[in-house]
Amino acid sequence: MFGKILIANRGEIACRVIRTARRMGISTVAVHSEADARALHVRMADEAVEIGPPPSAQSYLDADAVIAAARGTGAEAIHPGYGFLAENASFVEAVNAAGITFIGPPAAAIAAMGDKIESKRLAARAGVSTVPGHDGEVQGAGQAGEIATRIGYPVMLKASAGGGGKGMRIAHSEADIAEAFRAASSEARSSFGDERVLIEKYIEEPRHIEIQVLADSHGNVIHLGERECSIQRRHQKVIEEAPSPALDAGIRARMGAEAVALARAVGYVSAGTVEFIMERERHFYFLEMNTRLQVEHPVTEMITGLDLVEAMIRVAVGEPLTLTQDAVKLFGWAMEARVYAEDPRRGFMPSIGRLTCYREPPAEAAVRVDSGVYEGGEIGIHYDPLIAKAVTWGESRAAAAAAMGAALDGFEIRGVDHNISFLGAVMAHPRFLEGRLSTDFIAEEFPDGFNGAAPGRAEAVRLAAVAAVIHRRVVGREAAISGQLAGHEAVPGTVWVVRADTEDYPVVLRELGSEFEATVEGGAHRIESDWRPGATLFEGTLDGASLRVQVDRVGPGYTLFHGGVEFGALVLTPRAGALAALMPVKAPPDTSKFLLSPMPGLLLSVAVQKGQEVKAGEELAVVEAMKMENVLRAARDGTVAALHAGPGDSLAADQAILEFE
Ligand code: ADP
């Protein structure tokens, strides 16, 4: 066994690999950029080496610096995690040339699977079904049109060197084909430096289903069943589960056999994933093979009881697999939700800042949280905004989803925007619970983005009752102030009006020892919780069922978050409620004279000067965020009155860049 390994990654995956290595008695070396000197993975590892400035290209992607760190610390092997150098064949060759073991597949397998045209050919030769289309590179818009007419619209054009959903375009008819070809190949060139594009049939209402394979260096290859990852936003996975509600034992066995055949055909070693796309009639086709550990691997671990990182390490040492295909058993159901620092209300724009509060849901047997952050730590602009992965297990799909809902409700995250409410809304969505998934789920069910799900009537009543209890505790504490005139002590009332949106819910509260009985709309509810003013998590029971609600105090009111629902509540005495109805509504400030940064980022350039007249559509400034340059243009004609920021400035979301007269 190795004595020491280096983890060439950051964030949750670096922490996750370190955890397994530690359990196996292996010491660990973390590498980090200047920005990550205080990151969790650095704190967790036995040793840490700084490898460069914040941008990944100069640190986590710097193969020489990573290998030098391994040499300098005497690490015998390198685990790449996912992303960064994980699927870089020349990195693997350089690692091996330095006499260090790469904990992953051979360079040749990575190279063979890294190109979509090549891997599709290889898969077809190995007897794996591939999406009907044209074998090879498309030679131009004209040829794309001919092939599309032959295979039938809609078609998909994809960058052969693509990944991460980039360089993909759909053409629904002859009218779109030339533009789709042009866009796919230009994005392929700019993102991957390789403009080759392939064309295939666009599978409608597809499900994304992938098979986890595991191979050793002795020719043993097994599969560990499937994961379904159909809940995607712009071709990026958001929620994954295992097994898939769409598979039965027969399809699983066939898909598994094809995945194993492909792994054998490329001489695969280590853990890998063969991705398939499945159509309504349950025909499935090979998409690509990911030659690394996947983000969503924990769901497979939850239902098989295996530790895939341990398996990768053992295989890298040269141990044969001890598990045979027949011995692989799948237990129950697992779900994973990716918790991102992003703002669903702004088109899921990444959010940055300090985690002023970060507490994970209480540890329970059926809940696993993989994270790479801590309270007080910072989410920066340089890296992936993944905060944590919540993983839950249940005996059935419904139980796993319910456990996920409870886990999400228990996450206390403040200081950055996050997608917990959105994830909670998907988990509670009837179509999701029925298992009617497709990669279009989010686009179809949330066509206008996400602004907090509206509560159903029963849910609103329950949340109104909770809001009343919360407010009663706040007022109760205020009323307990010392030094009150005897006989004139403040006494909190029992009758309240909870105003949510424009709706009023009269609530009568009775205190029964440590419990409250809340009567709303004729129904009585028992609520028990030891919530204290200031706490962001309300945990307790409602009519005997456990309940977790996030609580934010907003001015005189509260915002409650539960199961994807956001419930803004103002709790008033009946008299205040009657008077509040007469209050004028505060108008939001007028920001139309300002050019505001739509996202946190770096101001690259300002194209105008003070006093300059601009026409609608003219470029005003360029903001770089998440490696993308965003050109901000004038919405209408005007004159620049003042500049509030200059090139090189870091911008917060909504920060004013300039002002018009
Ligand atoms: P990448 O390497 O960029 O992740 P993939 O080939 O794995 O690209 O595809 C990513 C996603 O794009 C899939 O999960 C699926 O949602 C969609 N997709 C890819 N190919 C097709 C196709 N032929 N028809 C329909 N959807 C597709």
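The values are calculated or read from the model by the stated rules, or taken from the named source; none is laboratory data. All figures in this text were calculated on a predicted structure; none of them were measured in a lab. For neighbour counting, all protein chains shown are included, and Cβ atoms are generated from backbone atoms with ideal geometry for every residue, glycine included. Keep in mind that these areas ignore ligands, DNA and RNA; they rest on the heavy atoms of the full protein, side chains included. Shrake-Rupley method; radii C 1.70, N 1.55, O 1.52, S 1.80 Å.
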Open item on the list: Can you give me the accessible area per residue for segment 116-184, using a 1.4 Å probe, in Å²?
Closed with: 45
- [ ] Against the globular-protein guess of 2.2 N^0.38 Å, express the Cα radius of gyration of the chain as a ratio, rounded to two decimals.
- [x] 1.06
Open item on the list: Can you give me the convex hull volume of the Cα atoms of segment 177-307, divided per residue and expressed in Å³?
Closed with: 132
- [ ] Over segment 1-129, with every protein chain in place, what whole percent of the accessible area is carbon and sulfur at 1.4 Å, could you tell me?
- [x] 50
TODO: Filter the GluC sites (Glu not before Pro) in segment 272-322 to those in DSSP coil with at most 16 other Cβ atoms within 10 Å of their Cβ, and list the result.
DONE: Glu279, Glu281
TODO: With a probe of 1.4 Å, find how much accessible area segment 523-661 has per residue, and write the answer as a whole number in Å².
DONE: 55
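Roughly how big is the chain's charge dipole about its Cα centre, with Cβ charges of +1 (Lys, Arg) and -1 (Asp, Glu), in debye to the nearest 20?
Using Cβ point charges on Lys, Arg, Asp and Glu, the chain gives about 460 debye.
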- [ ] With label points built 7 Å along Cα→Cβ from the Cα atoms of Glu521 and Arg43, find their separation and express it in nm.
- [x] 4.5
Open item on the list: Which lysines, if any, have their Cα less than 18 Å from the Cα of Lys201, not counting same-chain residues under 8 positions apart?
Closed with: Lys116, Lys120, Lys158, Lys166
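Mean shadow of segment 119-254, computed from the convex hull of its alpha carbons, in nm²?
For segment 119-254, averaging the hull's shadow over all directions gives 9.7 nm².
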Task: Selection from Leu582, Gly648, Leu560, by position along the positive dipole direction of segment 523-661 (Cβ) - done: Leu582
TODO: Summarise the accessible area of segment 449-593 (1.4 Å probe, protein heavy atoms) by the percent that is carbon and sulfur.
DONE: 57
Task: Segment Glu205-Asp501, extension gain: residue separation times 0.36 nm, minus the distance between their alpha carbons - done: 102.9 nm
Task: Amide N proximity, segment 387-428 versus Ser650 label position 7 Å along Cα-to-Cβ, cut-off under 16 Å - done: 416-417
Open item on the list: Show me the ranking of peptides 212-218, 604-610 by mean Cβ neighbours inside 10 Å, starting with the highest.
Closed with: 212-218, 604-610
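Given a 1.4 Å probe, how much area per residue of segment 272-385 is accessible, in Å²? Write down the numbers at each step before the final one.
Details: 4530 Å² over 114 residues.
It amounts to 40 Å² per residue over segment 272-385.
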- [ ] First measure r as the distance between the Cβ atoms of Ala479 and Lys615, then evaluate 1/(1 + (r/R0)^6) with R0 = 60 Å and state the FRET efficiency to the nearest 0.05.
- [x] 0.45
Task: Rounded to 5, percent antiparallel among DSSP beta bridges of segment 1-51 - done: 0
Task: Asp64 versus Val491: modelled label distance in nm, points set 7 Å from Cα along the beta carbon direction - done: 8.1
- [ ] Could you tell me which of Gln58, His32, Ala68 has its Cα farthest along the dipole of segment 26-77 towards the positive end, charges placed at Cβ (Lys, Arg +1; Asp, Glu -1), taken about the Cα centre?
- [x] His32
TODO: Starting from the Cα of Arg234, step 7 Å along the direction of its Cβ; do the same at Ile170; then give the gap between the two resulting points in nm.
DONE: 1.6
Open item on the list: Cross-link candidates for Lys389: which lysines have Cα within less than 16 Å, leaving aside residues fewer than 8 places away along the same chain?
Closed with: Lys237
Task: Cut-off 16 Å (backbone N to label point 7 Å along Cα→Cβ of Glu661), residues of segment 625-655 - done: 636-643
Task: Nearest-0.05 FRET efficiency for Asp440 and Ala578, computed from C-beta distance (R0 51 Å) - done: 0.60
Task: R0 of 45 Å, Cβ-Cβ distance Val508-Glu279: FRET efficiency to nearest 0.05 - done: 0.20
- [ ] At most 16 other Cβ atoms within 10 Å and a DSSP loop assignment: could you name the GluC sites (Glu not before Pro) in segment 515-585 that fit?
- [x] Glu521
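From the C-alpha coordinates alone, can you work out the Kirkwood hydrodynamic radius of segment 449-608, in Å?
After inverting the mean inverse Cα-Cα distance, the result is 17.9 Å.
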- [ ] Starting at the first residue of segment 597-613, write each ³J(HN,Hα) from the Karplus equation 6.51 cos²θ - 1.76 cosθ + 1.60 with θ = phi - 60°, in whole Hz, x for Gly and Pro.
- [x] 5, x, 7, x, x, 10, 7, 7, 7, 10, 8, 10, 10, 4, x, 6, 8
- [ ] Can you spot the lysines whose alpha carbon is less than 30 Å from Lys610's alpha carbon? Ignore those fewer than 8 places along the same chain.
- [x] Lys593, Lys627
